[in-house]
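These notes concern the structure reproduced below.
The values are calculated or read from the model by the stated rules, or taken from the named source; none is laboratory data. Keep in mind the model is a prediction, meaning the values are calculated, not measured. Cβ coordinates were reconstructed from backbone atoms using ideal geometry, including for glycine residues, and neighbour counts include every protein chain displayed.
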Amino acid sequence: MSALCSGGTSRHGGGSEIDGEARCDSMILNESGARPASQDAAVNETGEPGDDRLPDRVMPAGKDRPENKTGPAVEAGNGRKGRNRRTVTALVTAGLFVLLAFAAFYRGLVVRRYNITTEKLGPGQNVRIVLIADLHSCIYGVNQEHLVDLIKKQDPDIIALAGDIADDRTPLAGTKMFLAGIREIAPVFYVSGNHECWSFRLDEIKEMIRGYGVTVLEHSRAAVTVKGARLIICGVDDPDIKLINDIGYDWEREMHKAFDGLADEPGYKILLSHRPELVDIYREFSFDLVLSGHSHGGQVRIPFILNGLYAPDQGWFPKYAGGVYRHGNMTHVVSRGVSYNPKLPRIFNPPEVVVIDINGEDPVQH
Ligand SMILES: [Fe+2]
């Protein structure tokens, strides 16, 4: 498995090539085929490129232009060369645009990998978590086999579901197929997202999810031991649970009620919370790792330039569109999600399965 980061090619590259070729053609008309001496000198004292028409202006009066001496056959040959070059350039440019468009709109699942090192796990203790967020009941193959097989290949110790696995407007079939497929792979932990709250059937959805052997975390925690390492897996409902809870519900207060005493517990502490933008609240507690979704990668990305154009509850150019973020001793991984909506394409932003390796290190070495 490997972290897959999309590479990209600038659209401006193709245009520059065409411009460059046009300038070359004007030089080919020279009799000797060499760059005219006057063009070599076409850089002024300030170092700025000179005017390409300069050779015409410095030709001595009364002299024939060099190309006139060569005759029509040479002119025709040079003309064909120029046309061939323009054709090749046009084909290469078109090919690059096709590749660029394929990469931009690619909607196949990719695996993205992050590595974390911690003294809280012993040397040689390695825990692998697969993080899935924002499925929105989308379906990948018969019985979700594409998604399920990809998760199975990662051989995770834990599967974390960070909200919006179900949806408020899409039938639950995709969610059920997914849960049935992953239940035998590894222990599964789930928290709700805003869309599950918006369904106003949250209790029913949670009950369905529990039916697949999944641990549903609702401002609660569960201790697990993996390869001798003690992990405390915490989880919170989405803040939009306030829409269906009693008036006076305070999400942040519920966080404190649930996790204020966490610092005293031994173990590596993980929080599942759908919303990445609430990171300042998460930092008030002693979590080592926070796993979120919700931002869908900012929908549109430009590799190496823009990590997300717009995300719900963060707006334009979101800070937490997707990836890994460090906040002191806390690591925050934000999944770009696995949903795909044909009406709202993801650009350079394929659905992703996130794999997190937490590796123990020897404290003596540091
Ligand atoms: Fe969401």
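Taking into account only those residues within the stretch 150-207 that are crowded, with 22+ Cβ neighbours inside 10 Å and among the hydroxyl-bearing types (Ser, Thr, Tyr), which is nearest to residue 138 (Cα to Cα)? Within the stretch 150-207, the match that is nearest to residue 138 (Cα to Cα) is 175.
Scanning the stretch 327-334 turns up one or more residues that are more than 19 Å from residue 102 (Cβ to Cβ), in the same structural domain as residue 217 (by TED's automatic domain parsing), out of contact with any strand residue (DSSP E or B) (no Cβ under 7 Å at 6 or more places or on another chain) and part of a loop (DSSP other than H, G, I, E, B). Could you go through the stretch 101-122 and let me know if any residue there is of a type in the set (D, E, K, R), within 16 Å of the ligand (Cβ to nearest atom) and at pLDDT 95 or above. There is no residue in the stretch 101-122 that is of a type in the set (D, E, K, R), within 16 Å of the ligand (Cβ to nearest atom) and at pLDDT 95 or above. Which condition number does residue 137 fail, the rest of (1) within 16 Å of the ligand (Cβ to nearest atom); (2) in contact (Cβ under 8 Å) with a residue 60 or more places away in the chain; (3) surrounded by 21 or more Cβ atoms within 10 Å (Cβ to Cβ) being met? With (1) within 16 Å of the ligand (Cβ to nearest atom); (2) in contact (Cβ under 8 Å) with a residue 60 or more places away in the chain; (3) surrounded by 21 or more Cβ atoms within 10 Å (Cβ to Cβ) applied to residue 137, the lone miss is (2).
Step by step: first the residues of the stretch 290-310, then only those that are surrounded by 24 or more Cβ atoms within 10 Å (Cβ to Cβ) and assigned to a strand (DSSP E or B), then the one that is farthest from the ligand (Cβ to nearest atom). Which residue is that? By that ranking, first place goes to 290. Which of the numbered conditions does residue 290 fail, given that it passes all the others? Conditions: (1) within 30 Å of residue 125 (Cα to Cα); (2) among the aliphatic types (A, V, I, L, M); (3) out of contact with any helix residue (DSSP H, G or I) (no Cβ under 6 Å at 6 or more places or on another chain). Looking at each condition in turn, residue 290 falls short on (3). Checked across the stretch 347-363, the condition of being surrounded by fewer than 22 Cβ atoms within 10 Å (Cβ to Cβ), outside any strand (DSSP E or B), in the same structural domain as residue 128 (by TED's automatic domain parsing) and among the polar types (S, T, N, Q) holds for no residue. Scanning the stretch 179-195 for residues that are over 11 Å from residue 243 (Cα atoms) and within 10 Å of the ligand (Cβ to nearest atom) returns 192, 193, 195.
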